[in-house]
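Notes to accompany the following structure.
Bear in mind these aren't lab numbers, they're just calculated from the coordinates by the rules spelled out. Quantities reported herein were computed from a predicted structural model and do not represent experimental measurements. Here the Cβ positions follow ideal geometry from the backbone for every residue, glycine too, while neighbour counts run over all protein chains shown.
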Amino acid sequence: MSAALVLAAAAVASPAFWSAWGDGKAELSRYVLTTPRYGAPREAELVLIYVTEPVDRRVWIKDDAGDVPAAERLQVLKLNRVVKFRTGIYPYSVMTSVFAPVDGAAHERFSPSKISFTAQEWCGHVWQKLLPGPGRFDLEVRSYFHADGERNVTVKVPENTLYEDALLIQLRELDGPFAAGGDWSGTMVPTLWAARTGHAAPAASPATIKRADARRDGAPVTRFTVTVAGRTTTYDVERAAPRRVLGWRSSDGEVAGLVKTARLPYWELNKPGDSPF
């Protein structure tokens, strides 16, 4: 399966972006979350982890050894969305990783080059990898469940399709406005988790994103209302740096609110004395 994203050379990250995101640390934000599962709201723990890192654009994996040729080495802004909750007796652990090139974009800044998803619970686990490309995406599925199977497929989508999993990066407008500062309409692939819980194959659906000025707890925010596949989610994003996502509310019953943010090299904080972090 090939890495299919085509990047335009015109969009280059600004010095202001790198002054905020080139410090060698990750931004970690913890949220209180209520999320629906099996027809009931579940109290959950959610952490969003944003960090820049180099990847090998030939395979879209991290250049952790530092030996990838310069022509194939690309900086991405990575988002790990980690959710944990319990349904009755057994727990769920769900993680989605989004890799968004810092330089270059197919149509919108921080268009994703790769989205990977995994869900574990006591019955079994599911893993998926989605590679966006012009007019299509390549999807790899590995699952314990027979209905999911194990398969590699290519799915056609309209040009300039967005991916809902990447919106938690793109709506932050970290290096320029999203959709030229206006509303957006087109097609969008819903989150891989939404497809999983809805027992639907990932595919593009008509979608809209509308923006408005609002306030949340007295702070000015940009309120983005996203409608896709019959579901509407309203995100509140800080108007001032660091432009965090302060929370969201969805028509399916999901509600999230930011508790705390810290910038830390969390991969170094793995000793017993680091647990207070």
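By its C-alpha gyration tensor, with a ≥ b ≥ c as the square roots of the eigenvalues, how is the range 130-277 shaped: rounded for a/c under 1.5, else prolate for a/b larger than b/c, else oblate? Since a/c reaches 1.5 but b/c is at least a/b, the shape of the range 130-277 is classed as oblate. Couplings 3J(HN,Hα) of the range 15-30, computed from phi: x, 5, 4, 6, 5, 8, 10, x, 8, x, 10, 9, 9, 10, 10, 9 Hz, in residue order, whole Hz [Karplus 6.51 cos²θ - 1.76 cosθ + 1.60, θ = phi - 60°; x for Gly and Pro]. Working note: Karplus 6.51/-1.76/1.60 with θ = phi - 60° gives the range 138-143 the couplings 9, 10, 10, 10, 9, 9 Hz, where Gly and Pro are set to x.
With 29 Å as the limit on Cα-Cα distance, the pairs of LYS25/LYS271; LYS25/LYS156; LYS156/LYS210; LYS156/LYS260; LYS25/LYS84 that go past it are LYS25/LYS156; LYS156/LYS260.
Entry note, the chain: relative contact order of 17 percent, from Cα contacts under 8 Å with a spacing of 6+ residues. Its Cα centre serving as origin, the chain has a Cβ charge dipole (Lys and Arg +1, Asp and Glu -1) of approximately 540 debye.
If the segment from ARG73 to ALA201 were pulled out straight at 0.36 nm per residue, it would be longer than the present Cα-Cα gap by 42.9 nm.
Approximating the spin labels as points 7 Å out from Cα along Cα→Cβ, the SER251-to-ALA212 distance works out to 1.5 nm. Relative contact order for the range 74-118: 37 percent, from Cα pairs under 8 Å spaced at least 6 residues apart, divided by residue count.
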